[in-house]
Amino acid sequence: GKPVLLTIAPRYLTYLKKTTFDGLMFFIQDTTKNKNLEQQFAQAQKLQAMGQFAGGIAHDFNNLLTAMIGYCDLLLQRHRIGDPSFADLAEIKRSAVRAAALVRQLLVYSKQQPSHPKYIDIVENLAELSQFLKRIMGEQITLKITHAPDLGFIRIDPVHFTQVVMNLCTNAKDAMSGKGVLKISTQLETLLEPYRFGEDTVSPGDFIVLSVQDTGTGIKPENLSRIFDPFFSTKQNVVGSGTGLGLATVYGIISQLKGFIKIESEWGKGTTFKIYFPRFLKADNKEPETQEKQPAAMPVLTSISNEAPKLIFGLNVNKADLPEQPLKDVSQIKILFVEDENSVRAFGVRALKKKGFNVVAASSAENALEQDGPFDLMVTDMVMPGISGTELASIMKKKQPDIKIIIASGYSEEMARKDLSGDDDFVFLAKPYSLGNLTQKVFEVLNGAEK
């Protein structure tokens, strides 16, 4: 049997109205369920607080990375291929871009990363991943995949589904020290009553369960409550063991889907992760598939000229320029650049001035409202002390209805649009952005290429 938690409350016994002590009565109550609920509530509060903390860190890091990437771009315009400093600058930028990828994982954990879900067949997607999984598992690990019939569909961003599978399988490989059996299976389960998962309560319904079972070392009981914490890892001494964000990322993705995770682990024998995806009977093929516009790389825009092609990271950056000129002379275009982070503001203003724009800088929304207009375009950060960027956008639209607006943020576009009414039209720019991202977005907005 399982151990239970008992509460024992002794009471004095007296006979009728006698004051003399006659004995004791013990009230014994099983409080295991109550204690479990208390622990689940405490865990939910901890995960919620860590999610908020992770989101705040991600925002601050995105500001720092924007400045790092931006100033690297400015230097790369002066130090071309063949220059002794070019390779050093290129490596600094590559490291900053890799850091940005880690920040995106933090945003996934804090549920602030944009996603573009689609109805997918989990069997087909696992079949596509199976060959890749066999390669990364190596010859010493046997991979077994089984499926239940008539599973239906799950609704998830395909990129996120790949992240979930890869993170779980990579953890399993590390736990088995490169040798063992990895079993991946799918089945249907029905949840009959609400289930508490972290800070969320999952509603009853049908779920497609993805199980990933390994024959590794297992997880110690004292570590189970921390397994989804960002940067927590039981593999501190394992070379190349990662960042400790793998399971935190899985937690964030599954929470956004209104699913949940169960862990079964026995120290010394292995672990099974069960991922519960809400089940859909059929895919809606008419559903529009929206994809966030992301540049394939971070090219550096150069001024339009007849000079020889300029290559940075193998790209002809001359071709990254706008295909057509803005609607009027660049020097006559007045841009209001609002950013509370000094380094980002200095880089942005400098980048746009190099393109010939008339740029006015503001360190806050309040400072921006004091500037003399009118302006053709406003580029503003979303999260600022006092009046936010979204609030500033609404105010500026009322003062000057024809102004074009770009809102930049390390958070998702969905968060920005939640704070604005449908009449507030703006274009979103994700942080961290490069010199090329910024100037290309500005040209596109001024030319009407972005609606």
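The numbers here are math on the coordinates, done by the rules we state, and not lab data. Just so it is clear, the structure is predicted and the values come from calculations on it, not from any experiment. In this analysis, Cβ positions are derived from the backbone assuming ideal geometry, glycine residues included, and neighbour counts consider all displayed protein chains.
For the reader, a short list of remarks on this structure follows.
- Relative exposure of Tyr71, Tyr276, judged by other C-beta atoms within 10 Å (fewest first): Tyr71, Tyr276
- Karplus (6.51, -1.76, 1.60) ³J(HN,Hα), θ = phi - 60°, over region 213-229, in Hz, Gly and Pro reported as x: 10, 10, 10, x, 7, x, 10, 5, x, 6, 9, 4, 6, 10, 5, 9, 5
- Hydrodynamic radius (Kirkwood) for region 118-278, which is based on Cα pairs only, to one decimal in Å: 16.1 Å
- Placed amide H near Val181: partners under 5 Å, 5+ positions off or other chain: Thr142, Thr215
- Which of Phe86, Phe228, Phe197 has the fewest Cβ neighbours within 10 Å, and the rest in rising order: Phe86, Phe197, Phe228
- Options Met137, Pro204, Thr190, ranked by Cα towards positive dipole end of region 118-278, top entry (Cβ charges): Met137
- Positive minus negative residues near Leu210 (Lys, Arg vs Asp, Glu; Cβ under 13 Å): +2
- Stretching the chain fully between Ile136 and Asp150 yields a gain of 2.1 nm (0.36 nm per residue, less the alpha carbon separation).
- Model label points for Asp121 and Thr201, set 7 angstrom from Cα along the Cα-to-Cβ axis, are 3.8 nm apart.
- Pair Glu128, Gln332: separation of 7 Å Cα→Cβ label points (nm): 5.0 nm
- ³J(HN,Hα), Karplus 6.51/-1.76/1.60, whole Hz, each residue of region 386-398, x for Gly, Pro: x, 6, 7, x, 5, 5, 4, 4, 5, 5, 5, 5, 6
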